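All remarks here apply to the structure that follows.
The numbers here are math on the coordinates, done by the rules we state, and not lab data. None of the values given here were measured: they were computed from a predicted structure. Cβ coordinates were reconstructed from backbone atoms using ideal geometry, including for glycine residues, and neighbour counts include every protein chain displayed.
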Amino acid sequence: MSGLCKLATEKKMAFEASLERFMKCGCGLCGTCAMDPTGDLVCIDGPVFKGNQLERITEFGKYHRDSMGLKKEC
Ligand code: FES
């Protein structure tokens, strides 16, 4: 998905992606689904993010978080 986002950016094409994260509250209270470094919450700001939003999310395509919130390399 990250590769497609990079390709779409290179080709100046519109791109959207539906992201998945472990969610505990699902309503913006716990922060479990926050994306680094923007702090966008997948549960209320997403799950669909546009290409310009994805470009600012540095963890996109690099790591994910497990159910305990620990970083896991992709
Ligand atoms: S699941 Fe709790 S803030 Fe998103």
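Between 16, 59, 10, 20, which is away from the ligand (no atom under 12 Å from the Cβ) and under 10 Å from the mean Cα position of the chain (by Cα)? Explain how you work it out, then say what you get.
On the way: 16 fails: under 10 Å from the mean Cα position of the chain (by Cα); 10 fails: under 10 Å from the mean Cα position of the chain (by Cα); 20 fails: away from the ligand (no atom under 12 Å from the Cβ).
Only one candidate passes the filter, namely 59.
Quick one: which strands (runs of 3 or more DSSP E) lie wholly within the stretch 12-74 and hold at least 3 residues that are closer than 13 Å to residue 1 by Cβ?
Numbers: elements: 16-18, 48-50, 63-65, 71-73.
Because the criterion is at least 3 residues that are closer than 13 Å to residue 1 by Cβ, the strands (runs of 3 or more DSSP E) in the stretch 12-74 that meet it are 16-18.
Taking the stretch 1-11, which residues are basic (Lys, Arg) and part of a loop (DSSP other than H, G, I, E, B)? Lay out the reasoning, then the answer.
Here is the first cut: in the stretch 1-11, the ones basic (Lys, Arg) are 6, 11.
The one that is basic (Lys, Arg) and part of a loop (DSSP other than H, G, I, E, B): 11.
Go through the stretch 29-45 and give me each residue that's under 15 Å from the mean Cα position of the chain (by Cα), near the ligand (Cβ under 6 Å from one of its atoms) and over 14 Å from residue 60 (Cβ atoms).
Across the stretch 29-45, the qualifying residues are 31, 32, 41, 43.
Filter the stretch 41-66 down to residues that are polar (S, T, N, Q) and more than 22 Å from residue 27 (Cβ to Cβ) and give me whichever is surrounded by the fewest Cβ atoms within 10 Å (Cβ to Cβ).
Checked the stretch 41-66; the qualifying residue surrounded by the fewest Cβ atoms within 10 Å (Cβ to Cβ) is 52.
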